[in-house]
């Protein structure tokens, strides 16, 4: 009797004869620090159950802070409640991008939203949604740091910052341009107390230098020869960030920042998949279950999502099964929050929000 | 004597539910005459309630106001025209379940003795036979009165009914088109007074001028800044394709001739011109005037065209004498008959309408007092066209804003009456008496979703009015429905929404039943349209290549080490299956699946083994599972023998 190497990640290479290992809807869990019967084994990925269906679609963004949860579905903005209900608070502009959120919490009682190139402030006390003109529209992403909301202008090198703790006040002079390289900002993401400006070829990192008039400046000596191929692949994870890269040499590598140095975390199998299916509309979301920190990369034209487990460095795949045509199809979720003690994920094509749990072994799928 | 205890709304004396009732109270004490309060909660079937507070007229004259709650801050009722009367019958429209507060004060200060008598009674609800009069009220919130064409008594009140100055009935089919001057709509009724449709004309200003071809088409005049426009509507409410623009900002009365080639028109803005003009409907221009102005007379409110194409007009002189003259012209404008009804005529509302059974007679409605006020009453005359002889004539007391225009009386007699208003029409079919009623409330909810601004359109059938309406989440529509069944509520859900109905009394939403005094709540709950299905999660693991110098490998056994005994109690997953297949060509093609149980619930020692698995020079194994159980795959063991080639 021989022991077969049953457990492992996906590793379908360009030559099937070299390796055709595939792991779909399982993830790898090691048995250490104990002395397990095996060093690692495969665990079934979480299932889904319908939590709420919103009257607009798709679910383009979810956000939670301090017990309040919000969603943008289609062109509608909702607050979500633990009893699986929602309140509609207004309409937002809609495009194919995800909505992004940031809040100044109890300092300003504001939730900032970007959607469809427009910036909005939701007053967390009055529960009113207002479109705010920044002056650099259209915008892509919003972040919050040190009391400022920061918003980047789409397809430009520009980003703006708000008045302290007030996302309704934007001085036309409070606009910065990245200057260390000439490529446009694709994604803007805060990590710790620094703003990463991921460009279309290179990236730089800015910090709050404490100057009230000109608070943000690039960190001297930090310049990254790697850009971001798809804005919404950039995610905070594991006290760092991950994103799908691109530079003058090529694209289609998933990078994770190690300090200010990007480290390649994708493997040839994943990179082959990304190059095959392309990055149009690519987006990623992150969640943690049982100590596994997952980066789930959804490529709309791929039949599965590529899923990186930070805890053990393995890539596996997530997919739904089309029993009619006997093919894998992309999984439902395109965004995530941890709210009300649950993992909630938003459907990529309709208004459904699902609860995701490893104690659910089926997948309830909503069709509009 | 004693100080009254019912001196504000919170201490108002409840008159109970049995009507009629007469209450007496001495309201003065030690030189002070007190204001006292009573209250009445309207019962099912109540449409109009009559109040007659009276004193001796020489010392104590009670002044009456009506309010609605709350009793801590009562509000004058109706809001549009609060009812105030001194020693006069008052009639108020009421809604079942609402409490009305009656405040009675002394209009003559502190007098003694001050002995109040208060009579409260419910208006009759009698069938109105064909030929009865239809007199609407232009005061918001006041109901329609159907009057006997024998003696002018009120047969029944109808509420709610749009408040308006004008209307028309088609003599053959009986549809009525009524002006709703509050909402600037036109409401089309069937001959039984059921709503057919509401026509939104909010873009124009209705001019109180509605007429018809007396067959199937209504003519409606509307004002403009410099021109007036005449529209047509079919007897189903469809707007006609042709409109006419008249070079006059307003029209007071219009009427087409029977051939519909010309329109008789009165009215010039800001003038007392009583000229009858002729608008040529074919050339879209004025022809020569039909009849010259009658000197000193106002533009007549009504022009009626009789069956012989003759035209009848009632002229009222715009002076204090209010002389009334009725003239009948032939189609060419020559006078056929004329009759003067003398002076002392109210100039506001002398109106004409057709008779039901005689195309060559008509009804004339006259106010025979010196203007609106004490002593005002109405006279109704049925006049034969050929010689202006009177076929019938009678009088009836009229009300304005709910207060009788009779002279104050000491005798405690309450009665009901029509308003000094318009339109004045004749019913073409019998209208049954409203029976006891219940209430249907349609409530819109979006369970789990609040703040939704979507508008949900509804239709109401079975005679409910309005027949169409819209609700947003959290709002409701209330109907008063005659006791019975056959009422229906149907929403047309907007795209993306699905509706489900809950009816409080369990009746079918398409055949609602309502009992007397019952409130039936129809909850129309909308959820986002979707279907959901629960799929098993298919899971796959495909191993690395197993080969050894590409010689034959003979596989006699494959044993999967996985979490066993995790089957469910029943259904799919009660005997979870593992599907094994393999590729002997490097992962290009695959064998058929071979299924093996991973153990039912509690079969923890189950071994998952496949045997006789063939030979390969390169073998890739594939494990697929989909049963809804907790899958954990640990490893696999194989029995393999290496060949020699």
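The Cα-based radius of gyration of the stretch B:191-339, divided by its Kirkwood radius, gives an Rg/Rh of 0.97.
At a 10 Å Cβ-Cβ cut-off, how would you order A:77, A:88, fewest neighbours first?
Numbers: A:77 25, A:88 22.
Least crowded to most crowded, the residues run A:88, A:77.
Once the piece of chain linking residue B:569 and residue B:547 is laid out straight, how much longer is it, given 0.36 nm per residue of separation minus the C-alpha distance between them? Intermediate values should be presented prior to the final figure.
On the way: separation 22, 0.36 × 22 = 7.92 nm, distance 4.11 nm.
Fully extending the segment from residue B:569 to residue B:547 adds 3.8 nm.
Projected label points at residue B:284 and residue B:10, each 7 Å from Cα along the beta carbon direction, are separated by 6.8 nanometres. Just checking the listed ones, A:47, A:341, A:34: in the Gaussian network model of chain A with Cα springs under 10 Å, the one fluctuating most is A:34. Note on residue B:59 and residue B:429: the extension gain reaches 128.3 nm, defined as 0.36 nm multiplied by sequence separation minus the Cα-Cα distance. Per residue of B:623-632, other chain Cβ atoms within 10 Å of the residue Cβ number 4 on average. Kirkwood-type hydrodynamic radius, the stretch B:451-596: 21.8 Å, calculated from all non-identical alpha-carbon pairs.
Looking at chain A, I'd like the Rg to Rh ratio, where Rg is from alpha-carbon atoms and Rh is Kirkwood's inverse mean 1/r. Don't jump to the answer; show the numbers that get you there.
Working: Rg = 20.8 Å, Rh = 21.4 Å.
Rounded to two decimals, Rg/Rh equals 0.97.
Report, as an integer, the average count of C-beta atoms from other chains found within 10 Å of each Cβ along B:525-536.
6
At a Förster radius of 56 Å, what calculated FRET efficiency corresponds to the Cβ-Cβ distance of residue B:73 and residue B:236, to the nearest 0.05? Between residue B:73 and residue B:236 the formula returns 0.75.
Within the listed set A:352, A:217, A:112, the Gaussian network model of chain A (springs between alpha-carbon atoms below 10 Å) gives the highest mean-square fluctuation for A:217.
Each of B:403, B:429 has some number of other Cβ atoms within 10 Å of its Cβ, and from fewest to most they run B:429, B:403. Its alpha carbons give chain B an Rg and a Dmax of 39.8, 136 Å.
Of all DSSP-defined beta bridges confined to chain B, some 95% are antiparallel rather than parallel.
How do B:400, B:124 line up, fewest other C-beta atoms within 10 Å first? Show your work: numbers first, answer last.
Values: B:400 19, B:124 14.
Ranking B:400, B:124 by Cβ neighbours within 10 Å, fewest first, gives B:124, B:400.
Label reach from residue B:410 (point 7 Å along Cα→C-beta): in the stretch B:24-67, amide nitrogens under 18 Å belong to B:24-27, B:53-63. Taking a ≥ b ≥ c as the square roots of the eigenvalues of the Cα gyration tensor, the stretch A:216-368 is prolate, since a/c reaches 1.5 or more and a/b is larger than b/c.
Alpha carbon centre of the stretch A:136-162 versus the stretch B:1-68: separation in Å? The stretch A:136-162 and the stretch B:1-68 have Cα centres spaced 70 Å from each other.
One compactness figure for the protein assembly as shown is 1.38, namely its Cα radius of gyration divided by 2.2 N^0.38 Å. Helix A:268-277 and the longest principal axis of the C-alpha atoms of chain A enclose an angle of approximately 60°. Comparing A:102, A:339, A:18 in a Gaussian network model of chain A where C-alpha atoms under 10 Å apart are linked, the largest mean-square fluctuation is found at A:18.
In units of 2.2 N^0.38 Å, what is the alpha-carbon radius of gyration of the stretch A:122-202? Working shown, then result.
On the way: Rg = 13.0 Å, N = 81, 2.2 N^0.38 = 11.7 Å.
Against the empirical 2.2 N^0.38 Å value, I get 1.11 for the stretch A:122-202.
Taking all Cα pairs closer than 8 Å and separated by 6 or more residues, the relative contact order of chain A comes to 17 percent. Across the alpha-carbon atoms of the stretch B:130-281, the computed radius of gyration and Dmax are 15.3, 44 angstrom.
Restricting things to alpha carbons, find the Rg to Rh ratio for the stretch A:154-247 using the Kirkwood radius for Rh. It would help to have the intermediate numbers written out before the result.
Details: Rg = 13.1 Å, Rh = 13.7 Å.
Rg/Rh for the stretch A:154-247 comes to 0.96.
Mean partner shielding of peptide A:44-51, defined as the number of other chain Cβ atoms within 10 Å of each residue Cβ, is 3.
Calculate the length of the line joining the C-alpha centroid of the stretch A:213-290 to that of the stretch A:185-208, in whole Å. First find each Cα centre; the distance between them is then 11 Å. Put simply, the Cα atoms of the stretch B:421-534 extend 62, 31, 20 Å along their principal axes, the longest span coming first.
With an a/c value of 1.5 or above and a/b larger than b/c for the gyration tensor axes a ≥ b ≥ c computed over the alpha-carbon atoms, the stretch A:1-147 is described as prolate. Legend: Rg and Dmax of the stretch A:268-319, from Cα coordinates, 10.9, 32 Å.
Which values, in whole Å and largest first, are the semi-axes of the equivalent ellipsoid of the stretch B:428-467 obtained as the square root of 5 times each eigenvalue of the Cα gyration tensor?
On the way: eigenvalues 218, 33, 7 Å².
Over the Cα atoms of the stretch B:428-467, the ellipsoid semi-axes are 33, 13, 6 Å.
Quick check: residue separation of residue B:389 and residue B:615 times 0.36 nm, minus the Cα distance between them. What number comes out in nm? Write down the numbers at each step before the final one.
On the way: separation 226, 0.36 × 226 = 81.36 nm, distance 12.02 nm.
This chain segment gains 69.3 nm when fully extended.
Computed over chain A, the per-residue total of -39500 (n - 2.57) for DSSP H runs of n ≥ 4 gives a 222 nm mean residue ellipticity of -1000 deg cm²/dmol, rounded to 500.
Order of B:82-94, B:531-543 by packing, highest average Cβ count within 10 Å first?
B:82-94, B:531-543
For the pair the stretch A:81-102 / the stretch B:142-161, the C-alpha centres are spaced 55 Å from each other.
Every read-out reported here was derived from the displayed coordinates using simple, explicitly stated rules and does not represent laboratory data. All values derive from a computational prediction rather than experimental measurement. With ideal geometry, Cβ positions are generated from the backbone for all residues, glycine too; neighbour counts draw on all protein chains shown.
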